[in-house]
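Working notes, structure below.
Quick note: the coordinates plus some simple rules give every number you see, no bench work behind them. Since this is a predicted model, take the numbers as computed values, not measurements. Glycine gets a Cβ as well: all are built from the backbone with ideal geometry, and neighbour counts include every protein chain shown.
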Amino acid sequence: MAQFFTTIDICFIGTLVALILVKISLPFLSDLAGKSLDIGYFNDPFVLPGFALLAIILGLIAGIYPAFYLSSFKPATVLTGKLIGKPNKSFMRNGLVVFQFSISIFLLISTLIIHKQLDLFQSKNLGFDRDQILVVKNAALLGGQKNSFKNELKQYLNIQSVTESSSLPGKRFSNWAINLENGSPLTLDFYICDCDFIKTLDIELLKGRFFSREYSLDSNAIVLNEEATRIFGGEDPIGKEIVRNERRFKVIGVVKNFHYESLRDEIDKMGMVLKSRNALYLLRSRHQILVTLLIL
């Protein structure tokens, strides 16, 4: 029986090898996932004792059956060939084999799913460029100094553009009840932004134009995404009007669809209007890290 329980030693060795392999592979996995990953073996006093306890439990489970069952055979009986196995007693062995194969298949499927998810995160076209963007939240607290703050930022050569927006892709947004020219009611998701919004996020303009400081009437203009143009039944939306609370917004442009919500959600109808009161800034830098160092 003691010989059969050497499975505990094997489990200890296997656990040690596994921990070493995980530690070696973590930097590569961190690069792949784009996040800093660390198990912290010595940071938590329960990690290593937990792995040791796991090795003991697995060793006991693996050794308890052969230790008590196989050691019960008498060598004389076995050597004379009189030991006849009972088919109905093999269910445990078969069950363990099936269990092991099930775990292996589960791990293989999980690996494929994780690989596809990581590939999606790295290669999915969001419709906007999120690289080199620094977000300054709660910019409304600057009050009347917001414009001075923006103008000061633009003086730095390492900053390409500065913009204001009521929200960010993936964050909360406003949903307004509107009416078309013919009176048909519907709802539309809204961003409130300034003239540099699509330039800063590198959003593609498909038709018309975006807001410009050269046009004073843009305060009553709206820019739609591709999905929102369907509300006009396939007609060219440029020049059409959308009514909200008796205020008329003229469509001046159409931008390409971008994921302004979670990737789990389909891209919905969305419009952008010129800023009023906004809560954050977005900055684009020509050089990595420089804007972050500048702001800090």
Subtracting the Cα-Cα distance of residue 216 and residue 247 from 0.36 nm times their residue separation yields 9.5 nm
Per the rule of 0.36 nm per residue minus the C-alpha distance, extending residue 202 to residue 149 adds in nm 16.9 nm
The FRET efficiency for residue 42 and residue 22, from their Cβ-Cβ distance with R0 = 22 Å and rounded to 0.05, is 0.95
Partner aspartates and glutamates whose C-alpha sits under 19 Å from that of residue 116, ignoring same-chain residues fewer than 8 away, are 31, 265
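First check a/c for region 87-180, with a ≥ b ≥ c the square roots of the eigenvalues of its C-alpha gyration tensor; if it is under 1.5, answer rounded, and if not, answer prolate when a/b is larger than b/c or oblate otherwise.
Because a/c hits 1.5 or more and a/b exceeds b/c, region 87-180 counts as prolate.
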Among region 192-235, those whose backbone N falls under 18 Å of a label point 7 Å along Cα→Cβ from residue 186 are 207, 222-235
Between residue 110 and residue 61, the two model label points (7 Å from Cα along the beta-carbon direction) sit apart by a distance in nm of 1.3 nm
The size of the Cβ-based charge dipole (Lys, Arg +1; Asp, Glu -1) of region 133-295 about the Cα centre, to the nearest 20 debye, is 540 debye
Quick P(r) readout (region 133-295; Cα-Cα; 10 Å bins; whole %) gives 10, 38, 34, 14, 3, 0
Of the candidates 258, 151, 231, the farthest towards the positive dipole end of region 133-295 (Lys/Arg Cβ +1, Asp/Glu Cβ -1, centred on the Cα centre) is 151
At the level of C-alpha centres, the distance separating region 121-170 and region 216-281, in angstrom, is 20 Å
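A 25 angstrom limit on the alpha carbon distance is what I want to check against. Which of 154/275; 124/250; 150/256; 199/250 exceed it?
With Cα atoms farther than 25 Å apart: 124/250; 150/256.
Quick check on the exposure proxy: order 230, 244 from fewest to most C-beta atoms within 10 angstrom.
Ascending Cβ contact count within 10 Å gives the list 230, 244.
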